[in-house]
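Visitor: Quick one: this structure, given as structure tokens, is what I'll be asking you about.
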Amino acid sequence: MIRILKPIITGLLCCLLIPATAQQKNQYVKIETAQGYCIVKLYNETPVHRDNFLKLVKAHYFDATTFNRILKGFVIQGGDPDSLYDKSKKLKPEQKWIQPEFNPALFHKRGVLAMGRDDNKTKASFTTQIYLVDGKTYTNEQLDAIEKKYGQHFTEAQRETYRTIGGTPFLDQNYTVFGEIVKGMDFIDKVCAVKVNKDGNPDKEVWMKITVLSDREVASELKMM
């Protein structure tokens, strides 16, 4: 009986493991503007933000929005502006708040994709507001000061990234990051080069188009790196 059951049990375990493994495959999107494009890998560690974003991308929600706030050395913000989340106004079904998904391993290095929010106490994200980090580099002393002020802790690897590549470390564990640019980092430089006013609003509308990439498209894009 044991000999008969063993292959059956082994087969069942394999069937159970296959879906779990498949779920770990990262999904990728392409963000385009008139200035160029980049490829972004979405984190599986932030499934609520990832799935919310993918749902809106597939519905072409962001294609009707713009990058409306461009702050060189800080972030490129797009999607719905803060004003559309004003509690005195009626929100569209897509506009809501989702609870943060903070992970110490995911941080605000240059090129990460994150969700914006207001100053709510729970640090819940706006579902339809996104930003890409430009940021700047930091010294160890500056990182020490940020740790002390915000009660954070940076690993040595994170410190090295902030010292050499840059980012916005003071946003860590305050805003949810859910992806990162894996191709086309110069996209940030190109968008940040557009002319803006003192508030970071571009003189000429910076439209965006975001698409979910198939496995074949991802392989093709990353192969050309």
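Visitor: Identify, from the list D172, D134, D144, the residue that is of a type in the set (D, E) and surrounded by fewer than 16 Cβ atoms within 10 Å (Cβ to Cβ).
Guide: On the way: D172 fails: surrounded by fewer than 16 Cβ atoms within 10 Å (Cβ to Cβ); D134 fails: surrounded by fewer than 16 Cβ atoms within 10 Å (Cβ to Cβ).
Residue meeting the stated conditions: D144.
Visitor: If you don't mind, another one. Among the residues of region 207-214, are any closer than 16 Å to V29 by Cα, out of contact with any strand residue (DSSP E or B) (no Cβ under 6 Å at 6 or more places or on another chain) and free of Cβ contacts under 8 Å to residues at least 40 places away in the same chain?
Guide: Yes, region 207-214 has at least one match.
Visitor: Follow-up question, since we're still on this one. Filter region 93-124 for residues that are over 22 Å from I76 (Cβ atoms), at pLDDT below 95 and open to solvent by less than 70 Å² (accessible area, probe 1.4 Å) and give the result.
Guide: N120, the sole residue that qualifies.
Visitor: Within region 179-224, work out how many residues are in a loop (DSSP other than H, G, I, E, B), closer than 28 Å to D51 by Cα and open to solvent by 40 Å² or more (accessible area, probe 1.4 Å).
Guide: Quick first cut of region 179-224, residues in a loop (DSSP other than H, G, I, E, B) only: 184-185, 193-195, 197-201, 203-206, 208, 213-214, 224.
Narrowing the set further to residues that are closer than 28 Å to D51 by Cα leaves 184-185, 205-206, 208, 213-214, 224.
After this cut, where a residue has to be open to solvent by 40 Å² or more (accessible area, probe 1.4 Å) as well, the list is 185, 205, 214, 224.
The total comes to 4.
Visitor: Suppose the filter is open to solvent by 20 Å² or more (accessible area, probe 1.4 Å) and within 18 Å of the chain's Cα centre (by Cα); does P81 pass it? Let's see the steps before the verdict.
Guide: On the way: open to solvent by 20 Å² or more (accessible area, probe 1.4 Å): yes; within 18 Å of the chain's Cα centre (by Cα): yes.
Taking the combined requirement at face value, the residue satisfies it.
Visitor: Additional query: List the pairs whose first member sits in region 59-83 and is in contact (Cβ under 8 Å) with a residue 60 or more places away in the chain, whose second member is open to solvent by less than 30 Å² (accessible area, probe 1.4 Å) and charged (D, E, K, R), and whose Cβ atoms are under 7 Å apart, counting only residues at least 6 apart or on separate chains?
Guide: Note: pairs meeting the criteria are T65/D80; K72/D134; G73/D134; F74/D134; V75/D134; I76/D134.
Visitor: When the residues of region 34-50 are filtered to those that are hydrophobic (A, V, I, L, M, F, W, C) and open to solvent by less than 20 Å² (accessible area, probe 1.4 Å), which remaining residue is nearest to F67 (Cα to Cα)? Break it down into steps so the answer makes sense when it comes.
Guide: Start the filter on region 34-50 by keeping residues that are hydrophobic (A, V, I, L, M, F, W, C), which leaves 34, 38-40, 42, 48.
Then drop every residue that is not open to solvent by less than 20 Å² (accessible area, probe 1.4 Å), which leaves 38-40, 42.
On the way: C38: 14, I39: 17, V40: 16, L42: 19 Å.
Here the residue is C38.
The values are calculated or read from the model by the stated rules, or taken from the named source; none is laboratory data. For clarity, every value in this text was computed on a predicted model and none was experimentally measured. Here Cβ is always computed from backbone atoms with ideal geometry, including for glycine, and neighbour counts include all displayed protein chains. Only protein heavy atoms, including side chains, enter the accessible area calculation; ligands, DNA and RNA are left aside. Shrake-Rupley method; radii C 1.70, N 1.55, O 1.52, S 1.80 Å.
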